[in-house]
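Peer 1: Here it is: the structure, laid out below.
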Amino acid sequence: MKKGMSAKKKAFITILVFLVVGFVSVVAYYLFRPDPPPKVILTTAFKSDVTQTLEATGTVESANRKDYSVLNGTKVSTVNFRVGDRVKKGDVLATFDTSSLNALVDQKQKNYNAARDAFKNASNEAGASAADIPALEKQIADVEAKIKELEQKNAEAGKKETSKTTLDKLKSIFGDSLFLNILFGNSSAFDMSSLTGMSAEETKLASLQLELMQLNAKLTLARAQAGGTLENTLKVFSDSALEDLNNTKAAVAVLKSGWVAEADGIVRTVNIVPGQAFKSQSSLSPDVDLSSIVNLLTTNSEGTDIVGMMQEYFKSNSVGMSIEYYPFAASFILGKYDVLKVKMDQVAKVKAANGEMHEGKITYISPVASSSSSINLTSILGSGGSSSGIEAKVSISNPDAGIIIGLDVEISIDVDKAKDALLVPAEAVQFDSEGSYVFIYNAKSKRVSRAEVKTGIFSGTHYQILSGCSEGDVIVKAPPHALKNDDKVAIETTESPSMPVTEQTQAAPD
């Protein structure tokens, strides 16, 4: 009986041992099993022609703007283009009725004659003015003594009349014209006997005060003439009058012929209307009456508004139409490594907003670097994080509607080429402190070996390999970060080489 039970017990124990051993084996397997080899994508090093293309983003600008000026009062006959229209060289932009402009030219000639004669007279009278200074100074001293004596008598008699209070009364009567008439010696304008409301003492004191002011004005003018100040001022007026005359003649000649496009371009502004006489919308005007200003400085003119005359003198012609002439240019930034690859007159491609490609050339490379946030990708690689850039410009000879001033365009410049170059995808090349390398796959061992490589041209999608691997080598594309030399790998997929890569370019900068 015991013997039979012992056999059952042994069988149970045996089964239990097998179950425990199996469980432990399964647990140990899952705990200590080796990691599966990483899955990788394989590709093949191949040969092809390659072009390194520098890509950048540029802003369109125009440095060839033409403003067409029109004289106030000119009647507009025709306006042949609107804002945004494209013009061809030789197109007639607008025509004008210039029949009234001959009188304007005559007036400008009179202005110049008056300014020239005034300058000559000032030059001739400089010596005489110097001789007048001592006599004027003596007369001023005499009048000042008389005023002081009269004010003292008034004070002793208990009267309040002084030269200051008398002058204030004169200002209230004559206003601002008082000083203009005194300055130019027009004493007849002040007949004291005809004034009312002033005592005899006030009238006498007023006469002396006016005489003193007039003598001081003459002394100031004499000193200016003797020192050359007035002569120099009139020389400026004379030169300005001549320039104004010549500019007016030239403007009239242009208006008679009509405005003609000097090159191909686009209309930026139009401020003229057919059938209407042009009138400036600003305070500027071409009508400069220099002769009146000269007369004001040198004669006894009455009632002349000197402030208005000076304002009128500094007015200028207004713009009736503006044309942005071709070529346009796109301004962009080169990094410190890129600038070594780009040269003046180098061909560039410009892609417009509508996708159209335009051929241009490099027309400007700044000799001075400046801070910039727009730097090309190739400059960032190995640049140490520099944020400096060099401004460059590419011309666009015949822009279409997609090339708009102020908007961005894409710029491509072929900076290097190589024929029959050994190429690998950009993702296959890794970089560390020791340099650049790739992983080469061994089909027999199913393991990879790290190979140090020297790179050449970068096309944006592929690197040229100058040394370190050979045509036909199977390499790992985008290897896992933890992959090491002699690691075993599993193949996820095998890609065929991408050919050709001649038209591929590097990534554009931000």
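Peer 1: Output the residue which, of all residues in the stretch 52-74 that are β-branched (V, I, T) and touching a helix residue (DSSP H, G or I) at 6+ places or on another chain (Cβ under 9 Å), is farthest from N271 (Cα to Cα).
Peer 2: Once the filter is applied, the top-ranked residue is T74.
Peer 1: Right, here's the next one. Can you name the residue in the stretch 42-70 that is assigned to a strand (DSSP E or B) and small (G, A, S) and is also farthest from L407 (Cα to Cα) among such residues?
Peer 2: Among them, the one singled out is S48.
Peer 1: A follow-up question, please. C469 versus (1) hydrophobic (A, V, I, L, M, F, W, C); (2) part of a loop (DSSP other than H, G, I, E, B); (3) within 30 Å of Q346 (Cβ to Cβ): which is the lone unmet condition?
Peer 2: (3)
Peer 1: Restricting the search to the stretch 347-357, which residues are more than 24 Å from the chain's Cα centre (by Cα) and either under 10 Å from V394 (Cβ atoms) or of a type in the set (A, V, I, L, M, F, W, C) (or both)?
Peer 2: Taking the stretch 347-357 as the starting set, the residues that turn out to be more than 24 Å from the chain's Cα centre (by Cα) are 347, 354-357.
Passing the criteria: V347, M357.
Peer 1: Given the options S383, S318, name the one that is over 30 Å from V70 (Cβ atoms), touching a Phe, Trp or Tyr at 6+ places or on another chain (Cβ under 8 Å), of a type outside the set (D, E) and at pLDDT below 90.
Peer 2: Of S383, S318, the one residue that is over 30 Å from V70 (Cβ atoms), touching a Phe, Trp or Tyr at 6+ places or on another chain (Cβ under 8 Å), of a type outside the set (D, E) and at pLDDT below 90 is S383.
Peer 1: I want to confirm something. Restricting to the stretch 75-101 and keeping residues that are over 20 Å from I266 (Cβ atoms) and touching a residue at least 60 places away in the same chain (Cβ under 8 Å), which single residue is surrounded by the fewest Cβ atoms within 10 Å (Cβ to Cβ)?
Peer 2: S77
Peer 1: Okay, moving on. If you go through the stretch 481-496 one residue at a time, do you hit one that is within 30 Å of A352 (Cβ to Cβ), in a strand (DSSP E or B) and either touching a Gly at 6+ places or on another chain (Cβ under 9 Å) or touching a residue at least 60 places away in the same chain (Cβ under 8 Å) (or both)? So that I can check it myself, show each step before the final result.
Peer 2: Of the stretch 481-496, the ones within 30 Å of A352 (Cβ to Cβ) are none.
No; the residues of the stretch 481-496 include none that is within 30 Å of A352 (Cβ to Cβ), in a strand (DSSP E or B) and either touching a Gly at 6+ places or on another chain (Cβ under 9 Å) or touching a residue at least 60 places away in the same chain (Cβ under 8 Å) (or both).
Peer 1: Write out, first by first residue and then by second, each pair whose Cβ atoms fall under 7 Å of each other, whose residues are 6+ apart or on separate chains, and whose first residue, in the stretch 402-426, is without any contact (Cβ under 8 Å) to a residue 40 or more places away in the chain and farther than 19 Å from N64 by Cβ while the second is among the β-branched types (V, I, T) and not in a strand (DSSP E or B).
Peer 2: From the stretch 402-426, the pairs are A426/T461.
Peer 1: For the subset of the stretch 114-135 comprising residues that are of a type in the set (A, V, I, L, M), modelled with pLDDT of 75 or more and surrounded by 17 or more Cβ atoms within 10 Å (Cβ to Cβ), which member is farthest from T233 (Cα to Cα)?
Peer 2: A114
Peer 1: Please go through the stretch 232-253 and pick out each residue that is crowded, with 17+ Cβ neighbours inside 10 Å and modelled with pLDDT of 90 or more.
Peer 2: V252 - this is the single residue of the stretch 232-253 that is crowded, with 17+ Cβ neighbours inside 10 Å and modelled with pLDDT of 90 or more.
Peer 1: I would also like to ask the following. For the stretch 433-455, give me each residue that is over 53 Å from the mean Cα position of the chain (by Cα), assigned to a strand (DSSP E or B) and either among the basic types (K, R) or surrounded by fewer than 12 Cβ atoms within 10 Å (Cβ to Cβ) (or both).
Peer 2: Of everything in the stretch 433-455, just one residue is over 53 Å from the mean Cα position of the chain (by Cα), assigned to a strand (DSSP E or B) and either among the basic types (K, R) or surrounded by fewer than 12 Cβ atoms within 10 Å (Cβ to Cβ) (or both), namely R447.
Peer 1: Continuing with the same structure: Could you run through the stretch 323-356 and say how many residues are assigned to a loop (DSSP other than H, G, I, E, B) and of a type in the set (D, E)?
Peer 2: Total satisfying the criteria: 2.
Peer 1: When you look at V429, is it among the aliphatic types (A, V, I, L, M), within 30 Å of G58 (Cβ to Cβ) and at pLDDT 95 or above, yes or no? Write out each step before concluding.
Peer 2: Numbers: among the aliphatic types (A, V, I, L, M): yes; within 30 Å of G58 (Cβ to Cβ): yes; at pLDDT 95 or above: yes.
Here the answer is yes, as V429 does meet what is asked.
Peer 1: Provide a single number: the residues in the stretch 458-485 that are β-branched (V, I, T) and surrounded by 21 or more Cβ atoms within 10 Å (Cβ to Cβ). Walk me through it before giving the result.
Peer 2: Of the residues in the stretch 458-485, the ones β-branched (V, I, T) are 461, 465, 474-476.
If we keep only those that are surrounded by 21 or more Cβ atoms within 10 Å (Cβ to Cβ) too, we end up with 465, 475-476.
Residues that pass the stated criteria total 3.
The values are calculated or read from the model by the stated rules, or taken from the named source; none is laboratory data. Nothing here was measured: the structure is a model prediction, and the numbers come from that model. We place every Cβ from the backbone using ideal geometry, glycine too, and count neighbours over all the protein chains shown.
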